[in-house]
Structures are given as C-alpha cells and as structure tokens.
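One structure is given here, and the rest of the page talks about it.
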Amino acid sequence: MATPKALNILQLKKMKREGLPISMITAYDYPSARLAEEAGIDIILVGDSAGNVLSNYNSTLPVTMEDMVYHTRSVARGAGHTFIVADMPFMTYHGSSEEALMHVRRLMQEGHAHAVKLEGGMEICDTVKRIVQSGVPLLGHIGLTPQSVHQIGGYFIQGKNSQGAERLLNDARALEQAGAFAIVLELVTEEVAETITRELSIPVIGIGAGRYCDGQVLVYHDMLQYSSPYREKKFVKTYSDIGTLICDSIGQYVKDVKDRSFPGEEHVFKADENVVERLYGNAKVKAGTL
C-alpha cells in the first residue's frame, strides 16, 4: 500500500471549493501526533496552548520559541505524513520582519513544521506578507486571540455586535489579501463565522465558531478529557474520558503494589538452576526469600 502524503495548501483550498470539511487537532507530542495521524486527521496544530494544557500556565504568554521548537519537532516525528502547523509564540513576530523571519526559520528548520500560525488581523498583515513572500505557508488566527488576553480583558465571545462583526470581517479579508492560506476563527458567533466563511476563498477553520466553517479544530486533551480536574467548555464535544481511565488505572496499580499482587508470576524472569547455585552455593536458599 502506498504511504499517504501530507496535504498541502493547494489541496486544502480545493477542499473548501468542493465543500469537503477539514479536520484539525491541536497536539503537542509524539504519541498524540502518531495517534491523530493513524486516525486520519487532516492537520495537526502545535499550539502555544501547550502552556495552558501541559504546564498549567494561566495564559499562553510564557511559552517560548524553545518550547515551540521542541513540541513541533516531537509532533513531526510522530506524524510524518500529516500537514503540521506551528504557533508563533507571544512577541516573536511583532518586532522587525527580520526578527520574525528568524523565528519562522527555527520552526521550519528545527521544528520541521510545514506552516506557521500568527494571531491578529490587519495590524500584522505587513509581517504576514513578508513571511508568505519568503515561501512559508501561513495560517491566520482571529476572533479570541489568547496572546492578547490582557488587552481584550479576558476570554470573551467575539462578534456579538455589528462593530465587532465588521472588524472580524475586515481582519479576515486583510489576512486573505496578505497571503494567508487559511484562517482560524476562535470563539466567534455562528452568524459572523458563517458570513466570513462565505466571503473568503480560503478555508476558515472554527473552534467555538459554529457549524458553518470549512473545518473544525479541537485540542487533543479537551476532546478526550485528558486532565484533572477537567473544566467543561461549551464548544467542545467529549469523545472519551481518558482522564478518569488513567486515574483509575494508576490507582489500581498502587493497590496491586501495596498488596503485593504485582508483579505476579507472569511478570518475572527466571534464571537457570546453575545460576542460582552459583549465587548461593550449596546452601538451599531460594531466590526471593531473603
């Protein structure tokens, strides 16, 4: 059987034209990426949300370029036949274009990403153009932009009034014109997301943005409830509760160790009789009784 190849941006745009939904998942390590690829995911996003999910930061701001290179490289090893997008961390693309390109280079060369994602709209379009002109596919991200959480005052639904809706539409159009191959819409009202999806010729991928986007993205740990305690989110569908399964399994392991039912006979290795005699001489001492 031929080895499947990762999608590219031309194929993703074709999927939009043909009305084929795009599936994307956010993952941060080798085993998660490997399983996602085996399940048939279209895109893996290596998100700076690793800071929240894996390190329990209260925002994505502390995540560094070193963190993102490490996680992206781990994902790339696990999903060598899947299109991989890596987040540009906070303040790595708001300085000079040369500085931004230096960070992009690290994610592509050291992390082995196929594309990068930037948060923001019209205010970052000059940088978007420069990155795209350098030959790097770029995914935009508007709506709730977690790197700007302190500026916008918290995690709020975007596009609830006409002024917010117009701003989002203008940002989406600007990103398309700047060369973004697709856009993520996060926590945006369904009506506004539908309008933006219809207006753009590039794919729009939603997270908490309703039913009418060209694709959907969820975080691996959210859809599987891989955390404790798990905080439910309205826009997330739970497909499995592995957090509880893991906790119960470790609890059973602790019990087995405490009551000496693990390891059992089937878990141990036996030496040849002459090895036992050599260790203990003629004394009839049975291994494991000391």
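The values are calculated or read from the model by the stated rules, or taken from the named source; none is laboratory data. All values reported here derive from a predicted model rather than from experimental measurement. Neighbour counts run over all protein chains shown; Cβ positions are idealised from the backbone, glycine included. Side chains included, ligands, DNA and RNA excluded: accessible areas come from the protein's heavy atoms. Shrake-Rupley method; radii C 1.70, N 1.55, O 1.52, S 1.80 Å.
Among strands (runs of 3 or more DSSP E) lying entirely in segment 115-188, which contain 1 or more residues that are open to solvent by less than 10 Å² (accessible area, probe 1.4 Å) and closer than 23 Å to residue 102 by Cβ?
The strands (runs of 3 or more DSSP E) meeting that bar are 115-119, 138-143.
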Does any residue in segment 224-249 that is open to solvent by 100 Å² or more (accessible area, probe 1.4 Å) come within less than 9 Å, Cβ to Cβ, of a residue that is among the polar types (S, T, N, Q) six or more places away or on a different chain, and which pairs are these? 228/244; 232/225; 232/238; 239/225
